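A.B. asks: My structure is below; once you've seen it, I'll send some questions.
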Amino acid sequence: MIILIEGVEIYSPEYKGIKNILILDDKIAYIGEEKIKIDLPVSAKVIDGSKLYAFPGFIDGHVHITGGGGEGGFSTRTPEIMLSDIIEGGVTTIVGCLGTDGITRSMENLYAKAKGLEEEGVSTYIYTGSYRVPVSTLTGSVMKDVMMIDKVVGVGEIALSDHRSSQPNLEELKRLTADARVGGILSQKAGIVNIHLGDGKRMLNYLIDIVNTTEIPITQFWPTHVNRNPYLFKQGIEYAKMGGFIDFTTSSDPVFWEEGEVKASKAIKICLEEGVDEEKITLTSDGQGSLPQFNEKGEFVKLGIGKVTSLYKEVRDAVLEDNVPIEKAIKCITQNPAKILKLRNKGRLEAGLDADLVLVEKESLEIDAVIAMGKIMMEQKKLVKRGTFE
Ligand code: FWO
Ligand code: ZN
């Protein structure tokens, strides 16, 4: 497959100005000002980029791809994701996870769904485990899962500071983090520990304890839902200033914002104003995860379902509503997660890297086209000047 995008304005995520992009098969072959002077075969697709920005394909590091939920009983288990949900949100790389229910949702099913989505054209990875410690793995060992199963990039989502967590003690958490880390070192993979933070009072304290009492670096953790309430958000800013990553969930419900959740677009804005290093900030969608509401007695009230499309929506809001510069906002869903997950070929628009791109309209910042591994997965309207769009 050959795609030529002419005269497009590039955020790689840094701003690179107007360039031509040549895509050969699944790689970006060339990005530059020179006109591409080769006789393209008739099957080549040429896109006029004059009204478009090109962003790196979006990376969603926390998605319940096989469905999640169940906090209100079996009828509240959420549906598995469809490829269209992913592409519509401009996401070209996704990391699948299990959540509260690690019994009816299995690692085997998670792996199979990730393989299925990969067959359909997107890049997929998974975390081994679920909310619970000890971790339910594929091979019986966290370290072996990380080392031996290519799609396993780490462990998660391990629940802390939450009435639904397995209430692990510090030693259990230290050991699983150490196993993930060493498995990652030996296989040159992230071995990242994706931590689910609930609304409890202990917040990030366990992670800070581990960092202060062991040789494990703070960057081994990727804590998510840090925007879920104002006190966790405040501690999250301090934690990021200690060098830690903080991840904000974009799926939400207006009720949560009334109850104090910090809207993800605003969370980016406030962090930048507070002097948080922009490379420490990420967004993930919690797509297909449940968004359960419990009352103060811990009784289930109702639940919503996360959406992958909320990921870019919050980035777009950050730019259009909160005046966050485009390159800083899209970094949160491209280069930053790519570095945390050690996905060396992802997260940037550069020759030699995977051809994962999102083309958006300059004015509205609406997604016009999504290209994953060099394949046009979605095209809002006829952008291709020639060549057939199968
Ligand atoms: C969050 C996933 C939560 C599942 O706290 O953790 O429940 O297993 O599908 N979702 N439990 C949602 C808040 C951040 C709003 C999950 C869910
Ligand atoms: Zn969670």
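A.B. asks: With point charges of +1 on the Cβ of Lys and Arg and -1 on the Cβ of Asp and Glu, referenced to the Cα centre of the stretch 246-314, which listed residue (267, 309, 257) lies farthest in the positive direction of the dipole?
C.D. replies: Positive-most Cα among the choices belongs to 309.
A.B. asks: Okay, next question. Between the DSSP loop rule and a limit of at most 12 other Cβ atoms within 10 Å, which chymotrypsin sites (Phe, Trp or Tyr not before Pro) in the stretch 300-390 are left?
C.D. replies: Passing both the DSSP loop test and the Cβ count: 389.
A.B. asks: For residue 106 and residue 270, what is the calculated FRET efficiency with R₀ set at 41 Å and r taken between the beta-carbons, to the nearest 0.05?
C.D. replies: My answer for the efficiency is 0.60.
A.B. asks: Using only the alpha carbons of the stretch 1-97, what is the convex hull's orientation-averaged projected area in square nanometres?
C.D. replies: 8.4 nm²
A.B. asks: Can I ask one more? For 6, 258, what's the fewest-to-most ordering of other Cβ within 10 Å of each Cβ?
C.D. replies: Ascending number of Cβ neighbours within 10 Å: 258, 6.
A.B. asks: Mean separation of Cα pairs under 8 Å and 6+ residues apart, divided by the residue count of the chain: what relative contact order is that in percent?
C.D. replies: 22 percent
A.B. asks: Which whole-percent values make up P(r) of the chain when all C-alpha to C-alpha distances are grouped in 10 Å steps starting at zero?
C.D. replies: Taking all Cα pairs of the chain, the binned fractions are 5, 25, 33, 24, 10, 3, 0 percent.
A.B. asks: If you filter the stretch 317-365 for trypsin sites (Lys or Arg not before Pro), then keep DSSP loop positions with at most 14 other Cβ within 10 Å, what is left?
C.D. replies: In loop regions of the stretch 317-365 (DSSP not H, G, I, E or B), the sparsely surrounded trypsin sites (Lys or Arg not before Pro) are 344, 362.
A.B. asks: How high is the relative contact order of the stretch 259-390, given as a whole-number percent (alpha carbon pairs under 8 Å, six or more residues apart)?
C.D. replies: After rounding, I find 16 percent.
A.B. asks: Which of 252, 50 has the fewest other C-beta atoms within 10 Å, and how do the rest follow up to the most?
C.D. replies: Going from least to most buried by this count: 50, 252.
A.B. asks: Could you identify which residue out of 42, 135, 211 has the top mean-square fluctuation in a GNM of the chain using Cα springs shorter than 10 Å?
C.D. replies: 42
A.B. asks: While we're here: Treating cross-link reach as a plain straight distance, find the lysines whose alpha-carbon is under 27 Å from the alpha-carbon of residue 297, omitting any fewer than eight places away in the same chain.
C.D. replies: Partners within reach: 201, 234, 263.
A.B. asks: In the stretch 1-95, which trypsin sites (Lys or Arg not before Pro) are in a loop and have at most 11 other Cβ atoms within 10 Å, using DSSP for the loop call?
C.D. replies: Answer in residue order: 35, 37.
A.B. asks: Work out the charge dipole of the stretch 311-387 with +1 on the Cβ of Lys and Arg and -1 on the Cβ of Asp and Glu about the Cα centre, then indicate which of 345, 329, 383 is farthest towards its positive end.
C.D. replies: After comparing all options, I get 345.
A.B. asks: Report the full-extension gain for the segment residue 30 to residue 141: residue separation times 0.36 nm, less the Cα-Cα distance, to one decimal in nm.
C.D. replies: On the way: separation 111, 0.36 × 111 = 39.96 nm, distance 4.21 nm.
Result: 35.8 nm gained on full extension.
A.B. asks: Something else now. What dipole magnitude, in Debye to the nearest 20, does the stretch 29-93 give about its Cα centre under +1 on Lys/Arg Cβ and -1 on Asp/Glu Cβ? Write out the running numbers ahead of the final one.
C.D. replies: Values: 5 positive and 9 negative charges, 32 e Å.
Dipole magnitude for the stretch 29-93 comes out near 160 debye.
A.B. asks: Farthest toward the dipole's positive end in the chain, which of 7, 23, 103, given Cβ charges of +1 (Lys, Arg) and -1 (Asp, Glu) about the Cα centre?
C.D. replies: 23
A.B. asks: Using a Gaussian network for the chain with springs between C-alpha atoms less than 10 Å apart, which of these wobbles most: 347, 140, 156?
C.D. replies: Maximum among the listed residues: 140.
A.B. asks: Here is a follow-up. Taking the Cα centre of the chain as origin and charging only Cβ (+1 Lys, Arg; -1 Asp, Glu), how large is the dipole, in debye to the nearest 20?
C.D. replies: 500 debye
A.B. asks: Further question on the same structure: What relative contact order, as a whole-number percentage, does the stretch 141-185 give when Cα pairs under 8 Å and 6 or more residues apart are counted?
C.D. replies: Relative contact order here is 56 percent.
A.B. asks: Which value, in Å to one decimal place, does the Kirkwood hydrodynamic radius take for the stretch 43-157 when every pair of different Cα atoms is included?
C.D. replies: So the Kirkwood estimate lands at 15.3 Å.
Every number in this text was worked out from the coordinates using simple rules, so none of it is lab data. As the structure is a prediction and not an experimental result, all values here were calculated from the model. Neighbour counts are summed over all protein chains in view; Cβ atoms, including those assigned to glycine, are modelled from backbone coordinates with ideal geometry.
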